[in-house]
Amino acid sequence: MDEKIMEMFAQLLQGQTETNSKIEDLSQKIESLEENQLRLEKNQLRMENSLNPKIQVLFDGYKQHTDILERIEKEVTKQDEIIMRRVIK
């Protein structure tokens, strides 16, 4: 009977050791995931800080381009009217 109890105790101890080992592995993986998440967050912030001014410059350029096109269109319309008045006379 004592022998059976000792065997069961040994099995429990072995199971506990395996469980502790698996918990340690999981802890290391979680730590690694947290480090990777931190790195990703830093990269995201760096990219946002780098890209936001560039995007703003692009929008400003687009607005300037649109303004120039509108001025050209107005001038062409004026010239069209002048030409049409001359042709009609």
Taking GLN56, is it in a helix (DSSP H, G or I), within 20 Å of the chain's Cα centre (by Cα) and either surrounded by fewer than 10 Cβ atoms within 10 Å (Cβ to Cβ) or among the polar types (S, T, N, Q) (or both)?
yes
Within the stretch 79-89, tally of residues that are in a helix (DSSP H, G or I), among the charged types (D, E, K, R) and either surrounded by fewer than 10 Cβ atoms within 10 Å (Cβ to Cβ) or in contact with a strand residue (DSSP E or B) (Cβ under 6 Å, 6 or more places away or on another chain) (or both):
2
Got a sec? Which of ASN36, ASN49 is of a type in the set (S, T, N, Q), part of a helix (DSSP H, G or I), out of contact with any Pro (no Cβ under 7 Å at 6 or more places or on another chain) and exposed (fewer than 10 other Cβ atoms within 10 Å of the Cβ)?
ASN49
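Bear in mind these aren't lab numbers, they're just calculated from the coordinates by the rules spelled out. Everything quoted here is computed from the prediction, not taken from an experiment. Note that we place each Cβ from the backbone using ideal geometry, even for glycine, and neighbour counts take in every protein chain shown.
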